[in-house]
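The values are calculated or read from the model by the stated rules, or taken from the named source; none is laboratory data. As the structure is a prediction and not an experimental result, all values here were calculated from the model. As a convention, Cβ positions derive from the backbone with ideal geometry for all residues, glycine included, and neighbour counts pool all protein chains shown. For accessibility, only protein heavy atoms count, side chains too; no ligands or nucleic acids. Shrake-Rupley method; radii C 1.70, N 1.55, O 1.52, S 1.80 Å.
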Amino acid sequence: MKTRFNTYDIVCIVTELQKLIGMRVNQIYDIDNKTYLIRLQRTEEKVVLLLESGNRLHTTAFEWPKNVAPSGFTMKLRKHLKNKRLEALRQVGIDRIVSMQFGTGEAAYHVILELYDRGNILLCDHEMTILNVLRPHAEGEEVRFAVREKYPLSRAKQGTGEISEETVKEALLSAQPGSVLRTILNPILNSGPSVIDHVLLKRDLLACKIPGQKEEPQQPAEGGKKRKQKQKESTKYGSRDFSMETDFPTLMEAIQDAQEMLLKASSIPSKGFVVQKEEKRPTQNGTEESFFVNVEYHPFVFQQFSDRPCKEFESFDAAVDEFHSTLEGQKIDIKAMQQEREALKKLSNVRTDHAKRIEELTKTQLVDRDKAELITRNQELVDKAIFAIQSALANQMAWPDIQELVKVAQANQDPVALSIKQLKLEVNSISLQLSDPYSQEDSAEEDEENENSEKLETAVVDVDLSLSAFANARKYYDQKRSAARKEQKTIESSGKALKSAEKRTQQTLKEVKTLTNISKARKVYWFEKFYWFISSENYLVIGGRDQQQNELIVKRYMRSTDIYVHAEIQGASSVVIRNPSGNDVPPKTLLEAGTMAISYSVAWDAKVVTNAYWVRSDQVSKTAPTGEYLGTGSFMIRGKKNFLPPCQLVLGLSFLFRLEDGSVERHRGERIVRQFGEDDDSLSRQTSVDTEKTSTTEDVEIDLEKDDENSEKDSGTDSEDESGIKYPDTHVKVEHDTGRVTLKTDAIMERLQSIEEEPENAVYLGDDKPYIIPALPRHPKKKQQKKKATIEPVIEEKEHSEEEDSRSESKQGAPGQLKRGQKGKLKKMKKYKDQDEDERRARMEILKSDGKGAKEKKKKAQEEEIKKFNRRNPVARKPKEPAEGEEVDETPATVDVDMLDFLTGSPVEEDELLFAVPVIAPYQTLHNYKFKVKLTPGTGRRGKASKMAVMIFQKDKNCSTREKDLLKSVKEEMIARNIPGKVKLSAPQLQKFKK
């Protein structure tokens, strides 16, 4: 299979790519360490140019998977080439080197692409000084490919114009005997092997060799396939000796033809052709279907490919792009075909084995029957032979003496002795040569009488000395009947075995076809290159795998409305909650993101629970304080950190299934924010106090935990701040096994300690056990008092939320005396119980006191603080702008949510599923998923845990056939790559599956 350009290909592609001159470089990406994409643009025209070191150069219309983080070489290319115009694109001499010039004068830069040997890509300035090199190396002592060295343009091969007859004759005379013409002409023509084969084959010179005894030496680099190909060509075209008198003029015509082809290719763009090979794919009904496999690409239909199927394209550039872009899908088809052939081969082997067994049993029956008939027809002779040997043994003769006795009798032409061929006294038997005595009759009458009787061939028959002739015959008849019974059983069982084998083969063919279709339909989502999961409330959460990805997530993927979550430990993953709507992120999603941040850190291997916190995106900055430096993946957090309750190191492994468009509506709303009373396992949006609203600057330090702490200090009395607004005491309870957070009023909570004695940052997590968050820098008390006005709307919101809780508790008939303030609230609730939201707004509008004043005041204060913060932090001012060299995230905000709706963890029978996506998420997130296992820090390997989990899911009695196929199609490494480290897997009846 052709993988790299030859000289003729380079001439054709350079001619065709002249259309790109004048276009500007928009962006540069890398696919892998050898392949790079240059996005060019001119007004409304956009083109992507693909460069692969050592192999190819062409434009591409396919979407190639780009590397997560650009390499250093890519960043260097971006720095010097971005926004530069492509001024020239040419072949260096007649060598396999292409030079591209971007910019003019002293601002010009050259990209040198070497398409031979191991290949190389170099970036040079206007003086051809190397600025960066993909593969630094040295050739000898003088030529060095390294930074600040001059690129040796003179080293490339240069064209010499017309090739003279003297040059060709000299090459022919100096060639070794047995050398073929293609090998001799290759260094002279520099047109590539395809062109040489074409012109020689047209003139019947392809198989010509230089006369002599010595054969062309075998090149060590040639593999078995190349040797077989040459042998095949020699057989096909016929090998003969080259004659200088008769063949030389024809050879010069072929050389002239090759030069004309190169000249034409350098001036006129060529069409493209992909040479194909027909393959046969077996089907379930026993027939075969044909499909074509791409083998090579060429700018011309060469003579050697004239009898093979070819696919034509408008340009050579398009042919190369199509060939390489479909290569991966073609590999999947070939692999599937091999698996299908293997399955059918097994079925054929089963059939052959059964047929062979039946044939052997039939043959055994015939042989045993013939032996029994021969003994019966020679009964007297057999009895005499048995008696003679038995007599010798009875006289206690030695076995060698018995052998001599038989030989003497045979010498005397004794008929009984002549029938004995071998003595097998060790097994108490003898071998007799018996013939059919009736076959010797020659009379016509006997022939007529015996024409219906079967004539037996002479055979050697083993006879047991302990049995008579009749008993020996019966023994062979018994063996024949036993073989007949075995044959019958084999025939009966073979039918079942063949049906079972055919069923297994059809199932294998179906699975192969299904897996092939799944592999082709599988869409890799952009977030799969990161750690990721979808929260219980349909928020996409992503985290970096390393420092480079951490920086990429913050710079490129974090929007101004998103939330940044991080663990209070060095080297943890940077986690971002994608929030396209811009609404408040529910606390349950925050807790799940915190679990992810802690799990993807050293805390997992150390089995230590640490803190996690969240901040707004505009609080994350790459700007370091004066005199300090931030490394890759490190960020400066300015302002208030909102710490989350401790999270357990418990993750889950599951699968999300991609729904067909018609099945999406059936699952819409699976992951939404639940209200109290709708789902006991969900958090309430209304009862959450969103601390994001109160954390706009580093001076404001109020959050849910602080409110709860202050309320608990008042020992059953309502708290009251300077503004006179009252709100009841609250109790925060976190259940770490489920992640459930409950807020309720506590009428009998006792005062634990005074405000002065109690730590300022204590958070009560149930049963009055304080969790101490590491203290942040305290601000002057006067500053905090000045910010009280900004906090007022949040307190009102909390009071309103907890008022609903009190209402729900009063309806349930909670025992105990009402606290101060609750009696009045209950009266107000009773008075306005029938009032809906629209009526309340109308009444408030009439009274001109709908609460907007406080909200506007709070909003204005937030905007002022954000402006101050942005003036100090220019990076945070435009969080969506990418850093230099980064790609702009052009995805609309609503695409995230729409895309997530096509994925479900709870498929039903009516759903049409396309493929499965493995997901590792906090265990409480997978509550409603159909398949799930628990992952905790342990000692097991990730790959083994992945394999065990898939096996558990497939053995589930509720797992449908389609779901099993989808699970089977997922590669093990795709599952294991998102597991944090050494792991312990927990699932119901796990020991049963291990056995």
(request) For K455, tell me the accessible area in Å² from a 1.4 Å probe, rounded to the nearest 10. (result) 130
(request) Report the equivalent ellipsoid semi-axes for segment 1-120 in whole Å, largest first, defined as the square roots of five times the eigenvalues of the gyration tensor built from alpha carbon atoms. (result) 20, 18, 14
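Label segment 530-638 by shape, choosing from rounded, prolate and oblate, from the square roots a ≥ b ≥ c of the eigenvalues of the Cα gyration tensor; if a/c is under 1.5 it is rounded, and otherwise prolate applies when a/b is larger than b/c, oblate when it is not. Working shown, then result.
On the way: a/c = 1.72, a/b = 1.15, b/c = 1.50.
Oblate, because a/c is 1.5 or more while a/b does not exceed b/c.
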(request) Pairs of lysines 8 or more apart, or on different chains, with alpha carbons under 27 Å: count those in segment 521-671, would you? (result) 15
(message) Within segment 546-623, what whole-number % of the accessible surface is contributed by carbon and sulfur, with the 1.4 Å probe and all protein chains included in the calculation?
(response) 48
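Quickly rank 910-916, 931-937 as a protection proxy: mean count of other C-beta atoms within 10 Å, highest first.
Numbers: 910-916: 17.7, 931-937: 20.9.
So the peptides 910-916, 931-937, ranked by packing, come out 931-937, 910-916.
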(request) Hey, can you grab everything whose amide H is under 5 Å from the amide H of L644? Only 5+ residues off in sequence or another chain; H modelled, so Pro and N-termini drop out. (result) A612, Y613, W614
(request) Over segment 1-88, average the accessible area per residue using a 1.4 Å probe and give it in Å², no decimals. (result) 41
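If you take the Cα Rg of segment 48-195 and divide it by 2.2 N^0.38 Å, with N the number of residues, what do you get?
Values: Rg = 18.7 Å, N = 148, 2.2 N^0.38 = 14.7 Å.
With N residues counted in segment 48-195, Rg over 2.2 N^0.38 Å equals 1.27.
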(request) Kindly identify segment 920-964 as rounded, prolate or oblate by the Cα gyration tensor criterion: order the square roots of the eigenvalues as a ≥ b ≥ c, call it rounded if a/c is under 1.5, otherwise compare a/b with b/c, prolate if a/b is larger, else oblate. (result) oblate
(request) For segment 56-161, run through the GluC sites (Glu not before Pro) and keep only the ones in DSSP coil with at most 15 other Cβ atoms within 10 Å of their Cβ. (result) E63, E127, E141, E142
(request) Please give the solvent-accessible surface of L172 in Å², to the nearest 10, using a probe radius of 1.4 Å with every protein chain present. (result) 10
(request) Please pull out the direction-averaged projected area of segment 938-983, using the convex hull of its alpha-carbon atoms, in nm² to one decimal place. (result) 3.2
(request) Could you state how much accessible area R85 has, in square angstrom rounded to the nearest 10, with a 1.4 Å probe and all protein chains kept in place? (result) 90
(request) Provide the packing ranking of 344-356, 366-378, i.e. peptides ordered by the mean count of other C-beta atoms within 10 Å per residue, highest first. (result) 366-378, 344-356
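In terms of the Cα gyration tensor, with a ≥ b ≥ c the square roots of its eigenvalues, is segment 1-59 rounded because a/c is under 1.5, prolate because a/b exceeds b/c, or oblate? Before the final figure, lay out each step's value.
On the way: a/c = 3.14, a/b = 1.34, b/c = 2.35.
Oblate, because a/c is 1.5 or more while a/b does not exceed b/c.
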